[in-house]
Amino acid sequence: MFLLFQHSRISICFLSFLFSFPSSSLTKHPPTSTSQTENKMGSPNFKPTRIFSPHHHNSPPCTRTHQIGALLLVATTFFLVRLFDHSFSTCPPSSLNHDHTSQNFVHFSDGGSLSWPQIGYGSRLSLKIYVYEEDEIDGLKELLRGREGKISADACVKGQWGTQVKIHRLLLQSRFRTRKKEEANLFFVPAYVKCVRMMGGLNDKEINSTYVKALSQMPYFRRSGGRDHIFVFPSGAGAHLFRSWATYINRSIILTPEGDRTDKKDTSSFNTWKDIIIPGNVEDGMTKRGAVTAQPLPLSKRKYLANYLGRAQGKAGRLKLIELAKQYPDKS
């Protein structure tokens, strides 16, 4: 109790020192009689004393010693915090985060590779990601290879939907991957549905029913309502490739390069509070090192300029191209 009392005195003195309260204001004053109070009330200069003013507290005197003690207490606390902070920041990473340099790269058949970024927390980040195997869940194999299983990952790694394959391969060889579901922080659901759809492996109805079948077999998906499950939809259609996305994966994390696309009902599947915009796929041949097969023409020798508008302006751009093609058949 004595230590607590002394600590309180030091704290009060420190506050008074900071806010320039006179130490005398914390000392006791002699009581005023009733007659004296009544006489003062009749005076024009009378100012009532606040009930909770320091004069009414039975506080101990604040001496210079207490003020010095308060400053020493603050200085000691500051240096101890800095000392502990420095000791924790220089401690070696845990055994779970060893430097697996060989696992930081994903190599492709054409000689290209991807590396896991080392920015931010780097190797100190304690993150576990579980990647579902295609044979583990009934339906995943169809979402990856089509109903007949003839579509290969190498065929899907090209084009705008190539990020589905590249992110999948990156996570398969990542040091953050875990094979134990019970210790995973996140779950990655691999699917190449855009590629499979474009190659005729599954139609829209089959994609929807296959997703529903696969998700119904994931107990960890049901446990969190899908909040810790990651899906990649690498095209402008986004999650709308899965028609029932709003029912089943509306709380899941969606990676997509375009967040402003909507369906026929003007509904977007992208939510800024959980989903992530990723870069569009760039062909490996455009970035890998090697001999240049062709040199671009200088601007002075280019006679025509083509601009792909897609459907940004409806069908106006495409209709204009058709009109120009008919007008100049020898140029098309």
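Among residues of region 173-198 that are closer than 24 Å to residue 152 by Cβ, those with a Cβ under 8 angstrom from a residue that is hydroxyl-bearing (Ser, Thr, Tyr) and assigned to a loop (DSSP other than H, G, I, E, B), sequence gap 6+ or separate chain, pair up as 188/132; 189/132; 190/132; 194/235. The condition of being closer than 25 Å to residue 136 by Cα and modelled with pLDDT under 90 holds for only one of 239, 291, 325, that being 239. Residues considered: 127, 143, 114. Of these, the only one that is modelled with pLDDT of 60 or more and within 23 Å of residue 204 (Cα to Cα) is 143. Within region 158-179, the residues that satisfy the criterion of being closer than 20 Å to residue 237 by Cα and either in a helix (DSSP H, G or I) or at pLDDT 90 or above (or both) are 162, 163, 164, 165, 166, 167, 168. In region 265-281, the qualifying residues are those that are under 12 Å from residue 239 (Cβ atoms) and of a type in the set (Gly, Ala, Ser), and the one that is surrounded by the most Cβ atoms within 10 Å (Cβ to Cβ) is 269. Between 223, 243, 197, the distinction of being basic (Lys, Arg) and in contact with a helix residue (DSSP H, G or I) (Cβ under 6 Å, 6 or more places away or on another chain) belongs to 243 only. When you scan region 166-192, how many residues do you find that are over 17 Å from residue 253 (Cα atoms) and buried (at least 16 other Cβ atoms within 10 Å of the Cβ)? Qualifying residue count, region 166-192: 9.
The values are calculated or read from the model by the stated rules, or taken from the named source; none is laboratory data. These numbers were taken from a predicted model, which means no experiment stands behind them. Every residue, glycine as well, gets a Cβ built from its backbone with ideal geometry; the counts of neighbours run over all protein chains shown.
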